[in-house]
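Heads up, the thing below is written out as structure tokens.
The values are calculated or read from the model by the stated rules, or taken from the named source; none is laboratory data. Just so we're clear, the structure is a prediction, and the values are computed from it rather than from any experiment. No Cβ is skipped: glycine too gets one built from the backbone with ideal geometry, and neighbour counts run over all protein chains shown.
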Amino acid sequence: MSAADGLLEPQVEETADAAECVAFVSDNQTHGVVESVISQFFDAPVVADGGSQQALEYLSEFPAPKVIIVDIGDSSAPLTAMLSLTAAFTEDTRLIGIGTINDINLYREMVGAGITDYLVKPVTEKALAAALARAEEPIHDPAAVEETPNPDKVKRIAIIGSRGGVGASSLAVNLAWLFSQEYKQHTALIDLDLEFGTVALLLDLEPTTGLREALESPTRIDSLFVESATAKLTETLSVMATEETLSTDVHFKPEAIDLLFDTLGRSNEVIVIDLPRSALTVRQRVFETATNVLLVTELTLPGLRDSMRILSSIEEVASGTPVTVIVNRAGGAQQAMPPKDFQKALGHKVDFLIPQDEKAFKQSANNGKPLVQTDARGKASKAIRAIAAKLCKNSQPAAEKKDKKSWSQMFKKG
């Protein structure tokens, strides 16, 4: 046995069968992260120095654990090292690899070979916790394929702001949370502002990687690729939100939007798209493929002007797509005109008003949680729930809400 024996034997002897989780890591930083995270998931987990060789030696003498985490950062052939481990235990054991090679093809090969997950150093606590959460999910059953959502019936809800800072991203986050948590629909939330998007910040998530590659090289898109580029916030809510460098242009390809949405539609019932005003090509393609477009604005002259321009651009490429106009921060200090005057000038119905509640919005942003979760009974949250109810009019939330007040009444008061 290796030098790790002294660390393993005392803890293994104390258990009747096998440790629930055993990890072999080769550096102090990874050791600290792994030890901190797995202690929250398992009783008496084991963390030892080593890599794939030490893991093999362990498996040759002790029963396979429920989860085994192996550092393969020093391996010249990481896939081969992981495959040698999979041959040493049954399919009931979940294997998570930690390495230094950041390559989507390597990730695909590992997952395709039955390895549960592969994380790239430096590993964060959030990334490892998400991997362990995925490891607890049932192994995919091919017989369940027919039960997955039909991509052609998936709601594709595009949300765009008339101007920066009007709250479109916040609305996207809140609606996605409602669809997934209260309507129990598997939901994907995508932030297509690859450089300045705020979805990850609003949810206190580490930005994911791979979205740019998907939009620039659509041939790379498949279910494994999408899974690797997605952060799972809850069992029913996944997020794609990156943070690209400002030193190079992002070159979107329109066909990538179709492939990405189709792939996401195989495992989700709703796709919420936070759509930037820049990137003309991708904006037009999203308008064309969306089942609903939500235009978020404020009651200001610039908001009116740009809302008219965006409505015109939607009409040009997707005249049959339903458009919902939402005024945010209604009644706030920045409001420059009454809602009725704004609606008349816009030439389009204002469907919903979200009242100003600066304190509640700031609190939710600071907590990294949606407003509808942190201030569920607030007026703004009630308005957002009314929007979700309209978009999911054929579904019912898990708990019936007592407040049935119509927000069109608030509009009439304006």
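Note on the stretch 308-355: residues that are under 28 Å from Val372 (Cα atoms) and either part of a strand (DSSP E or B) or out of contact with any His (no Cβ under 8 Å at 6 or more places or on another chain) (or both) total 31. In the stretch 266-275, the condition of being within 17 Å of the chain's Cα centre (by Cα) and surrounded by fewer than 22 Cβ atoms within 10 Å (Cβ to Cβ) is met by at least one residue. May I ask you to say which residue of Thr248, Thr242, Thr230, Thr281 is at pLDDT below 90, crowded, with 23+ Cβ neighbours inside 10 Å and not assigned by TED's automatic domain parsing to the domain that holds Ala135? Every option except Thr242 fails the conditions.
Quick check: anything in the stretch 352-363 at pLDDT below 90 and hydrophobic (A, V, I, L, M, F, W, C)? Looking through the stretch 352-363, at least one residue is at pLDDT below 90 and hydrophobic (A, V, I, L, M, F, W, C). Condition check for Val327 on (1) within 16 Å of Phe361 (Cα to Cα); (2) within 28 Å of the chain's Cα centre (by Cα); (3) surrounded by fewer than 18 Cβ atoms within 10 Å (Cβ to Cβ): one failure, at (3).
For the stretch 341-388, the candidate set comprises residues that are among the aromatic types (Phe, Trp, Tyr) and under 14 Å from Leu171 (Cα atoms); within that set, the residue that is surrounded by the fewest Cβ atoms within 10 Å (Cβ to Cβ) is Phe361. For the stretch 89-144, the set of residues classified as surrounded by fewer than 16 Cβ atoms within 10 Å (Cβ to Cβ), assigned to a helix (DSSP H, G or I) and at pLDDT below 85 consists of Asn105, Gly112, Lys126, Ala133, Arg134, Pro142, Ala143, Ala144, listed by residue number.
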